[in-house]
Amino acid sequence: MTREIILDILEALLLLLGVFSSLTNQKKYIVTNKLKSGLFCILYVCATSLSTFYVNNLYHTLTNIVVSILLLKLITKISLYLSTIIFSLFFTIIFTTETFVQFIEIFLLKMNLNQILAVNKYLFIFLILCKFLQIVIVILLLKFDVYFKDILLNEEKSLFSEFLIQIGIFNLFIYILIFSVLDIKSNKIYNMLIYSIFFVFSIIAVLYLKEREKMININNKYKIQKHQISNMEEIMSIIRQEKHDYANHINVIQALCCLNKPNAVEKIKEYVSKISDTIHTSFTYLNTGNDYIDGLLSIKNNYAMKNKIDFNVIIDESFNLLKIREDELISIISNIIDNAFEALMLKALDENKEISINTFLDDNKFCIQISNNGNDIPKEIINKIFEKGYSTKTKGKGDHGFGLYITKQLVEHNNGYISVERVSGKTKFLVEFKM
């Protein structure tokens, strides 16, 4: 009984400390929530122990799973869906390690599973090896938790969530099949067959996941091209408008010439002098090394001109050096520029407004710096602007607070780093990617 309680406590800690902390990016949850963590462990042990004595073998595992998912949801205040994903990964780790160790012991000891579980020495070895492997996996999850942050942030991660749930359900099916329905613990051949089915299914599931990822990548490329077409349409609209404006000015000058009045030359000079201060090219052709970024910055430049904002782009290093997804790069740059526009709109109409974008290499890192001379931001606020839901806007709060948060997640997802500082009257965002 004592051994079972210790194992249950260890499983609870593995679930809460390892899998939960990795998938929710809360490494210090147990330290900062000692009472909740202790309560979860106690309730988990009680539920597991009670189900062992009062629930038959067929429903024992299923009952534990349902109770564990609900406990995790209620105590940690996460969604039921995320709780299901977390437990699916946890159950997959438990089942896979136990299956692997069972397979090794059956192969090396030439014994069936029933004999292994009946001999204390072999059972002890089995438990030690299983827990060792589980702890190693949990440590790896915590070390590489950057890959598990915000699992529902985009389509790929939703696909990963779906994959985890499918694997978890299949593991449950195999588990029940082995220990409850068929009662084949004493048959070595059946055990080997079941384990083989499990590993074959896992391989098929991984291959299926890769195919789905390919389809999503194709869909992402389609979205990028659709966005580029939209930019091109807007550029063509700008060019048509400029052509129309130039045609009007030429018609006016032509009319003045045709009238042939004594002061026609002076009037033409005066008219040309006036329009020369206002005529400008609304569309600027840029060469950043990435066609999609060219289109994006051209549209942003047009918006800046319409709102009397100086828009300066200095590309010292081409964007084609970056090896990240173009749709994510566009989102990162677009969100920061849009944030700069919003900051500048708070300034008076007659004040100087400026946005600067430049790229450079620093210590083998590709750097993108986007700065604006918007109003000053207090230090206590500037340190919070990447937090989820935080916004400096007072109106329409529900529509703000996610742009920079999502930007930070996208940067970190691509092994990058984003920072912001207020220097010499300018707010500077610096995005760094390792080369």
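Rule-based calculations on the coordinates, nothing more; no lab input. Just so we're clear, the structure is a prediction, and the values are computed from it rather than from any experiment. Because the Cβ atoms are built from the backbone with ideal geometry, glycine has one as well, and the counts that use them run over all protein chains shown.
Cross-link check: pairs Lys214/Lys300; Lys300/Lys408; Lys27/Lys77; Lys353/Lys379; Lys267/Lys300; Lys323/Lys353 evaluated at a Cα-Cα cut-off of 26 Å; pairs beyond the cut-off: Lys214/Lys300; Lys267/Lys300; Lys323/Lys353. The length gained on full extension between Leu109 and Asn383, counted as 0.36 nm times the residue separation minus their Cα-Cα distance, comes to 92.7 nm.
Taking each residue as 0.36 nm, the span from Ser49 to Lys306 lengthens on full extension beyond its C-alpha to C-alpha distance by 85.6 nm. For the stretch 285-434, the square roots of the Cα gyration tensor eigenvalues, ordered a ≥ b ≥ c, give a/c of at least 1.5 with a/b no greater than b/c, which places it in the oblate category.
To the nearest 0.05, how large is the calculated FRET efficiency for Glu270 and Asn364 if R₀ is 56 Å and r is the Cβ-Cβ distance? Can you show the working numbers first?
Working: r = 58 Å, r/R0 = 1.03.
Efficiency, rounded to the nearest 0.05: 0.45.
If you plug the beta carbon distance of Asp376 and Glu412 into 1/(1 + (r/R0)^6) with R0 = 22 Å, you get a FRET efficiency near 0.20. Calculated FRET efficiency, Leu140 to Met435, Cβ-Cβ distance, R0 = 25 Å: about 0.45 to the nearest 0.05.
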